[in-house]
Amino acid sequence: MKLARRDLLKLAGGAALGTFFTPAPWKALDDVSIWTQNWSWMPVPPRGEATTRFTTCTLCPAGCPVRARCIGKQPVSLAGVGGGLCPAGLAGHHLPHYPGRVRGASHRGTRCTMDAAVAAVREVAKGGRVAILDQRPGRTASLVYRRWLAGQEGGLYLTPPAREDATLVALGGGLAFNLDEARTVVSFGAPLMEGWGSMARVLESRPKFHLVQIEARQSRTASMADTWLPAKPGTEAALALGLAHLLGSQDAGRFTPEYVERITGVPAAQVRQVARRMKDAGPAVVIGGGDPAGPFNREEEQAIAGLNLLAGAMGRTIVPRAEVPVPAGFDKLAAETALDDVPDGGIRLLIIDEAASGNPVPWSYLKRKLAPGAMVAAAACSLDGYASHADYVLPAPVYMETAQDVPAACDSPAATFSMAPGLLAPPEETIEPADFVLRVAGEGGTLAELLKARVEAIHKTRRGSVVTYADGTATPLAEMASADDLAKAFKAGARWTDAGTSSEAPGIAFAAVDAAAIERRAASAQFPLALVPFGWRGAAGPVSPIFSKLYQESRVRSSEGEARLNPATAREYGILDGGLMVVETSCGSQAMTACLDEGVMPGVIEAAIEPGTGVLEICDVEDWCGWRTAPARMRRA
Amino acid sequence: MIRGKLFFAAGLLASLSAGWLGFPSMLYERVPQPLDFNHVAHTEKASMSCQDCHSLKEDGTFSGIPKVESCAACHAEPMGTTKAEKLLVERYVKPQREIPWLVYSRQPQNVWFSHASHLKLAKFECTECHGGHGKTRHLRPFERNRISGYSRDIWGPSISRIGAGRRPGMKMDDCIDCHRANHREHSCIECHK
Amino acid sequence: MAAKTKARYGMSIDVDRCTGCGACMVACAVENNIPPAPEGATDRKGITWIRVYKIDNGLPFPQNRSAWVPVLCQQCGEHTPCVSVCPQNAVEVDKTTGVVGQIPERCLGCRYCMAACPYQARYFNWWDPVWPAGMEKTLNPTVSPRMRGVVEKCNFCHGRLHEARAKAAAAGRREIDPADYVPACVEACPAQAITFGDLDDRNSQVARESREGSAFHLLERLHTGPKITYRSGRPWVHDALEIKVANNKKEPVRG
């Protein structure tokens, strides 16, 4: 039999018809459509048992309690306990996967072993003039630094200048704000509504006080304040002296409201009104510092802090606070040194603990303090900050990767202690910054052991009570049988609050305010054009890539490279909205995009310092101490 | 003429048999389970109840297949001489590695299925969806769809989906049929996430 | 009495409390597996189911004052613009919750709904979702990631409603405990500016706040029946917000 073409066609026709009576085409179609929903590059969320764990946020000094929803051990979302969280805290569990994370110790860009780094730093440390910049003072790690520095020749313990408790430090230390008692709060640029102290506590007390914000920028705090006094940048302390004058200070004789109006641009009537409010609607409290953009200088800070003495804040809205017990072996501690007091070229070895974020300091400013050929070692999790300038980069664990203690925020009237247990394992090559210093010191031990000793020391006091995050139950410490129980409670999420605040007010020796210095500075601050940087708490350190929602996919936060101008100022310089412009100071220039906003003071260029700190570098003008504001020029690009 | 019809019939027959017999066996890849688990031995010999391993938690989540640490509670050392027993202890219990079970009823990622509402509110029996799986002595191989990657149980045992198989399939259509019949069909996002 | 299983979920947002911190936006992205922006994404192409807008009173310095307002899908109740234009039936209003649901599996990406939405609260996936290496471990398992080419939007954290329902079911109840169902933005807000709940329950906080004198809906004249109410004691907030939303530019059509 010979096969004909016709036969094959019949066969094919039969096969084709038959196929339609089988499930094959329909099933294949169905499967293919499902297949198109399962691209291999689409990430698949993890499966597993859902658990709830608790920790304390270490990303900023607020130390908020955190509830972590976990799949297995991996946190997949974070929430506050009995309140909200800030954006950084909400995305804190992303940080272990930060794309720019430092992997392995390195020496000027080449990988080295941790032992080599320890040996090299130890060798340089022998020569003295050692400094540690601790971004988050008050932790157990800080004790480690201070103990080691106390034994070093010329050991300097440095803290970031733009501290939230700058006012308290100026008043002698050992103090805390008590906003709950305050009826009038006068803030000199402190970002009360944006991130200062503990957000939850500030917002809870907010309905009870009248907020006066003294700031050149219409910050979020300024817009939400009851009274906003936009003093020209650099003249805030003159306004403080004006208030002091009205509150009866002898040192501020010249600073009549009219004189203050001339310097600061704030109407005399408003200055009088605020002074009256401080006198009549007390208790009042005056807060300066904590602005992530930069600190006031010493004279300014003293003038601001001194207002508290005149307003009768001491013992009412500013209260003495006991220290959290310290384990044995920490008798000799180096005192804090202000960066301003370090002579230029005075540091031979600078170790920076960058793992805990703090408010940024321009690198050029730090660099001036370094001796020629000085060594810089930075413990950091990314190269975005100081680590990019360091000789030795030591990869540090991030939030949730190691156990950390969380000291009380500046607005907690009672001493508190809580811990952030290590919920996740840190990558292998990381080292805890305190452990690095312990190794350099050759003292042995680890931070983990010291934390255990600290918990034991707290347990010994038998004072105060422990509140668990899970259910909010308070247990008197005296009822906890052993230090292990207390350690377990901390690990599961708890906060110890000391019951007895030390009742004796520390002897406050308030140096007479240097009115002449303030006057000189305020007089020289009459720039035709001022560059005013601004930033957000914690954003100077690494933040989750999800922050693109705030910086890139919306304009909730202006990112670096955006200059905010008053339309009148822009017109004067021929700059259009969205147009390119160049901002110049005596130490550099930066190209920026103009963003016109009626809320900006005429004659002011507001520039965000984050992410990245390029703007900060051009703000650090040497003949104009500090970097809160700088004389600037601008032109159309 | 007859010859043409014959060729046509042969083509028809060939494609029918290929479509009904060849295609299903080609479509599904039979993957053995990592271990041969014996449900009967656990329920009868060890007199465990189903809930000992597969339970509904208070928060509404279903435990699914227990973790290896539950196995380790009894199987720290081999409890018999079978090959599976040795494998369990050596490969999973001692190194504390989770057993990569292939779940017959695993739904796509975008499906939200709550055991709690089907068991407690709709009063389903486990067997209505999972058949007599709890009464088996051996684990049948997992049949993976070569195109979509899903288990054959989702489509259901009958390739034509006509007539009652051993148990119904677990496709969206099957869900919808029941939800419709019970007037519990409200929106897509009720079951999709 | 039969258990109450029907609800009409809504939100009330106190503009005067909002500090503009953006916690809601971050919490939303984390909860709903919204990826970080790829390079090149702008505020016109990004995905922010809830987005905080800055508005001001239009006065010159120093009388100028700003406010921040989170805007999300308004969950229209009556003439839902997006539902009526969808050729795919990929948008629907759940009658038991009042939530306007978007089903990415059905969406063909025509973006009619984006053009129709007067609140600009719908977002198109211009890119496949990509997380930095390792970060996919932090994804939320109760929400499925969406692929490139589909539209998405706020669904009041439906994954959380699923979980709340499962929890109630485990206890043998059909009615959920309101405390178990709180969207991520509401939970995250440090200023507690957002209240969430059942508008049909007249005694709920959200229903009470929605009836307050200072409460208003966005673009009320369109009669879309939004289930989000805004409140502010500042008279300029209402007009400034309407202008802001109406002038907002998303990129619904061009590539």
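Computed from the coordinates by the stated procedures, all read-outs in this text should not be read as laboratory data. None of these values were measured; they are calculated from a predicted model. Cβ: placed from backbone, ideal geometry, glycine included. Neighbour counts: every protein chain shown.
Please give me, ordered by residue number, the GluC sites (Glu not before Pro) of region A:563-624 that lie in loop per DSSP and have at most 11 other Cβ atoms within 10 Å.
Listed in order of number, the matching sites are A:GLU622.
Quick check for me: using +1 on Lys/Arg Cβ and -1 on Asp/Glu Cβ, what's the dipole size of chain C about its Cα centre, in debye to the nearest 20?
300 debye
If R₀ is 41 angstrom, what is the calculated FRET efficiency for the pair B:ASP173 and A:TYR573, using the beta carbon separation as r and rounding to 0.05?
0.05
Using Cα atoms only, what is the angle between the long axis of helix B:172-181 and the major principal axis of chain B, expressed in degrees (0 to 90) to the nearest 10?
80 degrees
Hand me the chymotrypsin sites (Phe, Trp or Tyr not before Pro) from region A:16-51 located in a DSSP loop with no more than 10 other Cβ atoms within 10 Å, in residue order please.
Listed in order of number, the matching sites are A:TRP39, A:TRP41.
Which distance in nm do the two modelled labels at C:ARG208 and C:ALA133 give, with both placed 7 Å along the Cα-to-Cβ direction?
Going by the 7 Å Cα→Cβ label model, 5.4 nm.
When the helix-only estimate is applied to chain A (DSSP H runs of n ≥ 4, each -39,500 (n - 2.57), divided by the residue count), what is the mean residue ellipticity at 222 nm, nearest 500 deg cm²/dmol?
-8000 deg cm²/dmol
Tell me whether the protein assembly as shown comes out rounded, prolate or oblate; compute the Cα gyration tensor, take square roots of the eigenvalues as a ≥ b ≥ c, and use a/c under 1.5 as the rounded threshold.
prolate
I'd like the distance separating the alpha-carbon centroids of region A:79-117 and region A:568-627, in whole Å.
Distance between centres, Cα-based: 30 Å.
Mean residue ellipticity at 222 nm from the helices of chain C, using -39,500 (n - 2.57) per DSSP H segment of n ≥ 4 over the full residue count, to the nearest 500 deg cm²/dmol?
Only helices count here, giving -5500 deg cm²/dmol.
For chain C, list the cysteines whose Cβ sits under 4.7 Å from no other cysteine Cβ?
C:CYS18, C:CYS21, C:CYS28, C:CYS76, C:CYS86, C:CYS107, C:CYS110, C:CYS117, C:CYS157, C:CYS189
Estimate the FRET efficiency between C:ASN247 and A:LYS488 by the formula 1/(1 + (r/R0)^6), using the beta-carbon distance for r and 35 Å for R0, to the nearest 0.05.
For R0 = 35 Å, the calculated efficiency reads 0.05.
Say R0 is 25 Å: what FRET efficiency, to the nearest 0.05, do A:CYS625 and A:THR256 get from their beta-carbon distance?
After rounding to 0.05, the efficiency reads 0.45.
Using a 10 Å cut-off on Cβ to Cβ distances, tally the other chain neighbours for every residue of B:24-31 and report the average as a whole number.
If you average over the peptide's residues, the count of other-chain Cβ atoms is 1.
According to a simple spin-label model (label point 7 Å from Cα along Cα-to-Cβ), what is the distance in nm between C:LEU108 and C:ARG44?
Each label point is offset 7 Å from its Cα along the Cβ direction, giving 2.7 nm.
Compute the long axis of helix A:5-20 from its Cα atoms, compare it with the longest principal axis of the Cα atoms of chain A, and write down the angle in degrees, 0 to 90, nearest 10.
The two axes meet at around 50 degrees.
Can you give the average number of partner chain beta-carbon atoms within 10 Å of each beta-carbon in peptide B:150-160, as a whole number?
Partner-chain Cβ atoms within 10 Å, mean over residues of B:150-160: 2.
When you count, for each residue, the other Cβ atoms within 10 Å and take the mean per peptide, how do A:85-98, A:398-411, A:266-279 rank with the highest first?
Packing proxy ranking, top to bottom: A:85-98, A:398-411, A:266-279.
Only residues of region B:102-142 count here: report those whose backbone N is under 15 Å from the spot 7 Å along Cα→Cβ of B:VAL40, or say none.
B:132-140
Can you list the lysines whose alpha carbon sits under 26 Å from that of C:LYS249, skipping same-chain ones fewer than 8 residues off?
Result set, ordered by chain and number: A:LYS549, C:LYS45, C:LYS54, C:LYS153, C:LYS227.
Simple spin-label model, 7 Å along Cα-to-Cβ: A:ALA499 to B:HIS133 in nm?
It is 5.6 nm.
Beyond 36 Å, what percent of the Cα pairs of chain A remain?
Of the Cα pairs, 43 percent sit more than 36 Å apart.
Check each of the trypsin sites (Lys or Arg not before Pro) in region C:201-255 and keep only those in coil by DSSP with at most 14 other C-beta atoms within 10 angstrom; list them in order.
Hits after loop and neighbour filter: C:ARG202, C:ARG211, C:LYS249, C:ARG254.
Express in nm, to one decimal, how much length is gained between A:ARG47 and A:LYS332 on full extension, taking 0.36 nm for each residue of separation and deducting their alpha carbon distance.
97.5 nm
To make sure I understand the rule: partners must be lysines, Cα under 27 Å from the Cα of A:LYS452, and not fewer than 8 residues away in the same chain. Which ones qualify?
Leaving aside lysines fewer than 8 places away in the same chain, those within reach of A:LYS452 are A:LYS73, A:LYS332, A:LYS460, A:LYS488, A:LYS491.
Which angle from 0 to 90°, rounded to the nearest 10, does the C-alpha axis of helix A:140-150 make with the longest principal axis of chain A?
With rounding to tens, the tilt is 50 degrees.
What's the average, rounded to a whole number, of partner chain beta-carbon atoms within 10 Å of each residue's beta-carbon in C:188-200?
Taking all residues of C:188-200 together, the mean is 4.
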